[in-house]
Amino acid sequence: MEERSLYEAEEKGDAPSAPRTVSFTGKLPIEFFDFIVIDECHRSIYTVWKQALDYFDAHLIGLTATPGKQTIGFFNQNLVMEYTHAAAVADGINVGGEVYRILTRISDAGSAVEAGRWVGKMDKLTREQWQEKLDETLTYTPQQLDRDVVSESQMRTIIRHFRKALFTELFPERADRVVPKTLIFAKDDNHAENIVRIVREEFGKGNDFCQKITYRAQRNPEDILQDFRNSYHPRIAVTVDMIATGTDVRAIEILLFMRQVRSRGYFEQMRGRGTRVIQPDELQAVTADARHKTHFVLIDAVGLTEAEMIEPPRVQERKRAVPFDKLLENIAYGQCDAETVASLANRLARLQHRLTADDEQLIADYTDGGTLPDLIHPLLAALDAVPVGAVREPPLQEATAPFRTNPNLRNTLLEIQQRAEIVIDSVSIDAVKEAGFDSDATEKLRQMVGDFQQFIAENKDEITALQILYNQPYGARALTRQQLQELAMALKKPPHLWTEEKLWQAYAQLEKDKVRGVSAQLVLTDLIALVRHALQPDGELAPYPAQVQARYEAWLAAQEQAGKQFSAEQRWWLDKIAQYIGLNLQITPQDFDLDGEMYNHGGRYGAMDALGADWLQLLDEVNEALVV
């Protein structure tokens, strides 16, 4: 049987919960509240909780991202404020989405199996399978797929095309081909089981790669959800209704619909799983080759577009083949048709998720204090004010005037876009031209190291991280990850364009006997090791996490000498704490609920149970011992 969401049941007025009966009580008189705010007001307020709301003589304020007809009717058509998805994308609150269609022959028209053919049969409950010979021709429609008939070829064709299009059409810029976090919506648990099996077979990346998140999952679905949110695996999750609403996995970049949706409000909730914004470092923690989440892709494999469930947005990419520089150039020469303006608004909405503080300041300098959303909103308003396909209408001309008359603004936007993108050359064939030791190259490395030391001296009073490392004794003032990020950004600016990797390799070439961890993947905290080595070049240059690990082992030895013994469970927590400090400079009680592995072991409460009532004091001691 097809699973059905409570969301859809409530919209149809046949939710399983009975209305709550409310009677007068002097402890809570009807005038007790002046205002009642109802969050997610598309649910439960018409049947289950209506009497409770009617009881109070108070103004009702409803909040929802997906108002339906019942919602509007409940509030007597009194819509006070509306904030559209397009506006949220323009403001950077959400990311926009693109629709990619996969239509197969069987998905479109169904199929038929002639009489006399052998077909498989399966018990939906036990999943036991057997073979039967058809007495008469079996004809089925697309609506019967995965309920009455399972077409292995139909599912495999969709998944195989998705795999092939992933890095050729959907995300061609992903150099390492890490599959973006993908959520697939299935019709029911059996359908989800089949999809998981086929995804595993088509991608060939093991069982952890794709997992089912339903109430019938083999292990706790909440644990799988936490892994999907915080860990590398699973890359693809298959669900029915369990995480279709109310659950944020901000790293999701692809939604694949392999089930129809009856309710527009429910569809909007499902689509919302892809719109969430995520910080670049959080995204890269689970998808290493993703620089920014600028948009998501909705793959329609069931005809949502034809069913008019997906409304064509006014702001979408209509000139995908036109490079950004050419698009700006066309506008500068006066081209301001609706398609060009829509494409510009779309590109700018994506660009704002790549802005640095310096970028924002440059835009403000060239727009009298404006922001990128201040440039996007007039484009949206102009598109709403003109017919589709309009050319050179006054609203379009006025909205594009800042880009047409301000070359500094155009150049700034182009520089931001070029810095944030990388071209992947899969055509040119390279060959070795020269090989050997180059004295000039060695001299350039010495120059880089010297310039780095000079940079530290010149900026020791300007950049907070350098001020702390240069002027303060170890441990006298806490250094934060944010301050390190500011230092990293300063190093990457012209004319130096330094990264941790470039500086580390320079020292490795010049001081081979002093540098450790040459082949290790560098992390942000390794900047501390680089700066300290530049200030004290006679010492060893070792990755910061390795330094923390050495201090941790020394601290453990001191604890054992003092008679302190730790259980295996306590050692697990202490090991994770040391690893976290090596990457983040410190650990707080809140961090236990943010780190995926520690959260899966109970977060701060699990740490408290394992380490004892004085765990906060122990945490302070470890922070002090390891962060020096």
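A few points about this structure:
- Among residues of segment 228-244 being under 14 Å from the mean Cα position of the chain (by Cα) and of a type in the set (D, E, K, R), the one that is most open to solvent (accessible area, probe 1.4 Å) is Arg229.
- Positions within segment 290-306 being closer than 30 Å to Gly110 by Cβ, open to solvent by 20 Å² or more (accessible area, probe 1.4 Å) and touching a residue at least 40 places away in the same chain (Cβ under 8 Å), in sequence order: Val302, Thr305
- Here Val523 clears all of (1) open to solvent by less than 60 Å² (accessible area, probe 1.4 Å); (2) in a helix (DSSP H, G or I); (3) among the aliphatic types (A, V, I, L, M); (4) under 30 Å from Ala506 (Cβ atoms) except the condition numbered (2).
- Test: residue in segment 332-355 that is crowded, with 16+ Cβ neighbours inside 10 Å, modelled with pLDDT of 90 or more, under 18 Å from the mean Cα position of the chain (by Cα) and of a type in the set (D, E, K, R): no
- Among the criteria (1) surrounded by fewer than 17 Cβ atoms within 10 Å (Cβ to Cβ); (2) assigned to a helix (DSSP H, G or I), the one Phe592 does not fulfil is (1).
- When each of Thr287, Thr247 is tested for being touching a residue at least 24 places away in the same chain (Cβ under 8 Å), open to solvent by less than 10 Å² (accessible area, probe 1.4 Å), over 20 Å from Val99 (Cα atoms) and polar (S, T, N, Q), the lone residue that passes is Thr287.
- Residue within segment 148-164 that is open to solvent by 10 Å² or more (accessible area, probe 1.4 Å), hydrophobic (A, V, I, L, M, F, W, C) and under 19 Å from Ile252 (Cα atoms) present: no
- Hits in segment 565-579 - residues which are open to solvent by 40 Å² or more (accessible area, probe 1.4 Å) and either of a type in the set (Ser, Thr, Tyr) or in contact with a helix residue (DSSP H, G or I) (Cβ under 6 Å, 6 or more places away or on another chain) (or both): Ser567, Glu569
- Criterion (open to solvent by 50 Å² or more (accessible area, probe 1.4 Å) and within 38 Å of the chain's Cα centre (by Cα)) met by exactly one of Ala550, Ala534, Ala554: Ala550
- Residue match in segment 569-580 (condition: of a type in the set (Val, Ile, Thr), under 21 Å from Lys460 (Cβ atoms) and modelled with pLDDT of 85 or more): no
- Annotation: Asp620 fulfils all but one of (1) crowded, with 18+ Cβ neighbours inside 10 Å; (2) within 21 Å of Gln483 (Cβ to Cβ); (3) free of Cβ contacts under 8 Å to residues at least 24 places away in the same chain; the unmet one is (1).
- Among residues of segment 165-197, those that are within 20 Å of Arg271 (Cα to Cα) and either among the charged types (D, E, K, R) or open to solvent by 10 Å² or more (accessible area, probe 1.4 Å) (or both), counted: 4
- Residues satisfying the stated conditions in segment 369-410, i.e. of a type in the set (S, T, N, Q) and closer than 14 Å to Ala345 by Cβ: Thr400
- Of all residues in segment 400-414, exactly one satisfies the criterion of being under 13 Å from Asp365 (Cβ atoms) and free of Cβ contacts under 8 Å to residues at least 24 places away in the same chain, namely Asn411.
- Which numbered condition Gln586 fails, given (1) open to solvent by 50 Å² or more (accessible area, probe 1.4 Å); (2) of a type in the set (S, T, N, Q); (3) not in a loop (DSSP other than H, G, I, E, B): (3)
- Strands (runs of 3 or more DSSP E) within segment 109-194 that include 1 or more residues more than 22 Å from the chain's Cα centre (by Cα) and either in contact (Cβ under 8 Å) with a residue 40 or more places away in the chain or more than 22 Å from Asp241 (Cβ to Cβ) (or both): 111-113, 118-122, 129-133, 138-140
- Out of Arg156, Arg177, Arg229, Arg200, one residue alone is among the charged types (D, E, K, R) and closer than 22 Å to Gly303 by Cα. It is Arg156.
The values are calculated or read from the model by the stated rules, or taken from the named source; none is laboratory data. Everything quoted here is computed from the prediction, not taken from an experiment. Positions of Cβ are backbone-derived with ideal geometry, glycine not excepted, and every protein chain shown enters the neighbour counts. Accessible surface areas use protein heavy atoms only, side chains included; no ligands, DNA or RNA. Shrake-Rupley method; radii C 1.70, N 1.55, O 1.52, S 1.80 Å.
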